[in-house]
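Have a look at the structure below, then the notes.
We did not get these values from a lab; they are worked out from the coordinates using the rules stated. On a predicted model such as this, the values are computed, not experimentally measured, just so you know. In this analysis, Cβ positions are derived from the backbone assuming ideal geometry, glycine residues included, and neighbour counts consider all displayed protein chains.
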Amino acid sequence: MNSSQFSARFNLLGIRSISILFLLLLLPQTSAILPTMQIISSSSSPIYAATSFYGPIDASSSSLSSSQTPPNDRGLCSDLDDPITDYDPPTNDFVFLVPRGNCTFEHKTLRAERYGAKAVIVYNNAEQMFFDNHTESQQTGLVSSFPTNLVDYECSNGEAQVPLSSLSTPYYSRSNDPLFTSCSSNSKCESNRCVVTGSIKTSSSPSSPTMQVCCMWDLHQYLYPDSTLLDSPPTIPSVFITSKQYDEGLPLTLSISPRPRPKYNASSFLIWAWGCFVACLASRTSGSELARALKKTKEKLRRGSGATRTPSETSSSDDDMRREDDIGAGESMELNAKVRQKPACLRHNPFVINYVSNSSLRSASFAQHAIGFLVMSSVTLLILFYLNIYAIVTVLYAFGCSGALSQVMIYPFMRKVRGWTNYTKFDEVRERRSDSWRPIQRF
């Protein structure tokens, strides 16, 4: 190994060491699994809940009595400076059950803290999907606000048509739930609750129009802070539960605590290891054709223009092939001299000469390509993120996956088929494709 080879490999080792050290420094600051919460009571099993990214996680009391919000401030969306009137708080520590909607989660938590609550449980509901939907909308013909498709509901999980005259207003009233049974009983509707979509159908009977109802989305979501609030962050915890969990009933006495989570996520490590294995396998397989072509070219350089080799020459050639990666500067000059004695088609092929004789530069070029790949991929991801053109990622993945699939599965299978048959036309096509990467030969 000459000095240039040693320098290139040393630089590559340094880059790898710095990358590994950087990842190790970030390890204590990362979380393998996002935190989640649980509502615990002695009378029921723990209830899963999503946590907030503001305020503490643990409640100050292990025994909290569940309490409804004041009737005049049901959603806890009154101004934070409004005085507390017409409300007698419980004598013991309590947690507020607050419906979602009309103001931010952090605002609700701060308002609950003004009332003296020790924690907040925000539950999902259908009312927050109808911010501007009023009783007089159908009478006056005004446009009313209805839930949004694929945001608040999904018809593929459950759908029904309900007579418009049978619906009670406001449309989010729970008195309409018996009319939605054919929708909510669908096995795909995990929330077991449906909402009206605002789509009125009159084609079947113009005198009795029907309203479309679809399965409501009822998912956990993290509670994010409100950057517009000037008050200090809340000092009490808050969690989020689904509408179905709320309808099933919460225990009268409960406690809120984080769910246990592992320090390291084994599933993420396995996914990462599998991705690295597939990438390495695809790279090796896709480069196998080039490796075979290079091997044939090197053999032609050693044999000359079809001359018959003696057993001693064959042994010498095999020794050269075994030490092809250890060619030094002096041996490269000797090889270049031999190249000048070869046929013109090989002597003037710059790709062959540069690849074989300049083996000391391959490690350095590998490091440069690796750094270039990291820089270009990072810049590309930033552009895609800030310009919101995520759709192009799908196209790029489609091209990449189709190419990898072809190299890993389709091409090897076709080579097997070629070995089973005598279809020479396929051989001609393959030879033409294998020659396409070579530079134009100069005679």
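Hey, what's the per residue convex hull volume over the C-alpha atoms of the range 198-300, in cubic angstrom? List each step's numbers first, then the result.
On the way: hull volume 41.6 nm³, N = 103.
Measuring per residue, one finds 404 Å³ for the Cα hull of the range 198-300.
Counting Lys +1, Arg +1, Asp -1, Glu -1, what net charge surrounds A119 among other residues with beta carbon under 13 Å of its beta carbon?
On the way: positive: K108, K118; negative: D58, D93, E113.
Taking every other residue near A119 into account, the sum is -1.
Based only on the alpha carbon positions, what is the Kirkwood hydrodynamic radius of the range 243-305, in angstrom? Don't skip to the answer; put the middle values down first.
Values: mean 1/r = 0.0554 Å⁻¹.
So the Kirkwood estimate lands at 18.0 Å.
Stretched out fully, how many nm does the piece from E154 to D81 gain, at 0.36 nm a residue minus the Cα gap?
Difference between extended and current length: 22.3 nm.
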Taking only the Cα positions of the range 371-418, the convex hull volume per residue in Å³ is 69
Cut-off 13 Å between beta-carbons: net charge of the residues surrounding V213, Lys and Arg +1, Asp and Glu -1
-2
Simple SL model, points at 7 angstrom along Cα→Cβ for T297 and D58; separation in nm is 6.6
Want the number for V408 to D93: 0.36 nm per residue separation, take away the alpha-carbon distance, what's left?
107.1 nm
Calculated FRET efficiency, I392 and K416, Cβ-Cβ r, R0 35 Å, to nearest 0.05?
0.45
So how far apart, in nm, are the two label points at R74 and K188 if each is 7 Å from Cα heading toward Cβ?
3.2
So, with +1 on the Cβ of K and R and -1 on the Cβ of D and E, and no other charges, what is the size of the charge dipole of the range 213-262 about its Cα centre, to the nearest 20 debye?
260
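So how much slack lies between C280 and S378, counting 0.36 nm per residue of separation and subtracting their Cα-Cα distance, in nm? Let's see the in-between values first.
Values: separation 98, 0.36 × 98 = 35.28 nm, distance 2.03 nm.
Once the chain is fully extended between C280 and S378, it gains 33.2 nm.
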